[in-house]
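**Q** I am attaching a structure below and will ask some questions about it afterwards.
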Amino acid sequence: MHTSPTPGPSPDPSPVASTDRSPAEPVPAPRRPAWDGSGPAAATGAADAPVGEPGGEDSRAEARRAKRARVALLAASATAPPEPVRWGAGWGGRVCGAVVFAVYVASVHRPEGAGLARPEPGAFLFALWTSLVLAWAVCRLALWRVTADRDGIHVRRMWSTRLLAWPVVGRVDLRHDGVLECFGPRGSTLFGTFAPPWLARLARRDCPGQRAADLLTAMSLHPHLRPTGRVPRRAARAGFARWALPLGALVHAAPFLLRP
């Protein structure tokens, strides 16, 4: 004989049962500031896998997927910083610049006519040019700076600071040599000199260049993550020529001063 099922007791309308979030639904994590280095880039486990690292097509596709995941996590969990976010050469970059300067001065041999005593045009101009190039390279290692504010990305150059406005910034990737590459409708732009990602893997540490690339990409794609502050006008125009030119003169004169 078939009997219909007996309905069970009705649920108790308690305050817990009346909440509009189901017990299985995860509680959203509190938002972190967008400049917090301990955030999403480290949580994915793929922060030290730059898109530009050599490898097969599968590895590049996997790196792109990992980057999209990190950027999406930043967009969901971070908040806009109140002040401009800056990256620059730390003690490692300054040490590298000093080493390059010392090795060049100790090993270079100036030909006759390269000094001011009896200058010859060809030798003098060649020595002056190589000294300025070396001074630029040292400043590129020891004095570089990248700043993100409400207007875009400010990149310190030789003679001035270049502004990459947010509308022309598509994505920012970390290359295998530690340089950031910004892709946009006007082509690509290189800036920054971070430690190479392979060095971070050898040291078993997080890669700061990858964190910077992810954050700049997230700021470009999601305007609510961009800093609300603005770089001061004087800092936005300054380049490192004010240090490179005196350093070039010192590089040119140092071999003659140290000659026995």
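**Q** Among (1) at pLDDT below 90; (2) open to solvent by less than 60 Å² (accessible area, probe 1.4 Å); (3) over 14 Å from the mean Cα position of the chain (by Cα); (4) among the small types (Gly, Ala, Ser), there is one condition Ala117 misses while meeting the rest; what is its number?
**A** Here Ala117 clears every test but (2).
**Q** Moving on. Look through region 156-167, keep the residues that are aliphatic (A, V, I, L, M) and touching a Phe, Trp or Tyr at 6+ places or on another chain (Cβ under 9 Å), and return whichever of them is least open to solvent (accessible area, probe 1.4 Å).
**A** Selected residue: Leu164.
**Q** Give the residue, chosen from Leu250, Leu221, that is among the aliphatic types (A, V, I, L, M), surrounded by fewer than 20 Cβ atoms within 10 Å (Cβ to Cβ) and closer than 23 Å to Val100 by Cα.
**A** Selected residue: Leu250, the only one of Leu250, Leu221 that is among the aliphatic types (A, V, I, L, M), surrounded by fewer than 20 Cβ atoms within 10 Å (Cβ to Cβ) and closer than 23 Å to Val100 by Cα.
**Q** Now a separate question. Here are the criteria: (1) under 21 Å from Gly92 (Cβ atoms); (2) exposed (fewer than 15 other Cβ atoms within 10 Å of the Cβ); (3) of a type in the set (Ser, Thr, Tyr). Tell me which single one Thr193 does not satisfy.
**A** Single failed check for Thr193: (2).
**Q** Failed condition for Pro208, given (1) within 10 Å of the chain's Cα centre (by Cα); (2) open to solvent by less than 50 Å² (accessible area, probe 1.4 Å), with all others met?
**A** Checking Pro208 against (1) within 10 Å of the chain's Cα centre (by Cα); (2) open to solvent by less than 50 Å² (accessible area, probe 1.4 Å), the one that fails is (2).
**Q** Suppose we filter region 87-114 for residues that are more than 30 Å from Pro227 (Cα to Cα), under 23 Å from the mean Cα position of the chain (by Cα) and of a type in the set (Gly, Ala, Ser); how many remain?
**A** Final tally of qualifying residues: 2.
**Q** If I go through region 133-155 residue by residue, how many of them are touching a helix residue (DSSP H, G or I) at 6+ places or on another chain (Cβ under 6 Å), open to solvent by less than 60 Å² (accessible area, probe 1.4 Å) and in a helix (DSSP H, G or I)?
**A** Qualifying residue count, region 133-155: 6.
**Q** Kindly indicate whether any position in region 168-181 is open to solvent by 10 Å² or more (accessible area, probe 1.4 Å), within 30 Å of Ala98 (Cβ to Cβ), modelled with pLDDT under 90 and part of a loop (DSSP other than H, G, I, E, B).
**A** Within region 168-181 (the criterion being open to solvent by 10 Å² or more (accessible area, probe 1.4 Å), within 30 Å of Ala98 (Cβ to Cβ), modelled with pLDDT under 90 and part of a loop (DSSP other than H, G, I, E, B)), the answer is no, since none of the residues qualifies.
**Q** Give the residues of region 83-104 that are β-branched (Val, Ile, Thr) and open to solvent by less than 20 Å² (accessible area, probe 1.4 Å), sorted by residue number.
**A** Val85, the sole residue that qualifies.
**Q** Another question, if that's okay. One residue is enough: does region 73-82 have a residue meeting the conditions loosely packed, with under 14 Cβ neighbours inside 10 Å and either closer than 22 Å to Arg171 by Cα or not aliphatic (A, V, I, L, M) (or both)?
**A** yes
Residues are listed down the side, and each one gets a yes or a no for (1) within 24 Å of Leu257 (Cα to Cα); (2) assigned to a strand (DSSP E or B); (3) at pLDDT 90 or above:
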site: Ala75; (1), (2), (3): no, no, no
site: Arg86; (1), (2), (3): no, yes, yes
site: Cys96; (1), (2), (3): yes, no, yes
site: Val100; (1), (2), (3): yes, no, yes
site: Gly113; (1), (2), (3): yes, no, no
site: Leu125; (1), (2), (3): yes, no, no
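The values are calculated or read from the model by the stated rules, or taken from the named source; none is laboratory data. What you are looking at is a predicted structure, and each value in this text was computed from that prediction instead of being measured. Cβ: placed from backbone, ideal geometry, glycine included. Neighbour counts: every protein chain shown. Note: accessible area is taken over every heavy atom of the protein model, side chains too, but ligands, DNA and RNA are not part of it. Shrake-Rupley method; radii C 1.70, N 1.55, O 1.52, S 1.80 Å.
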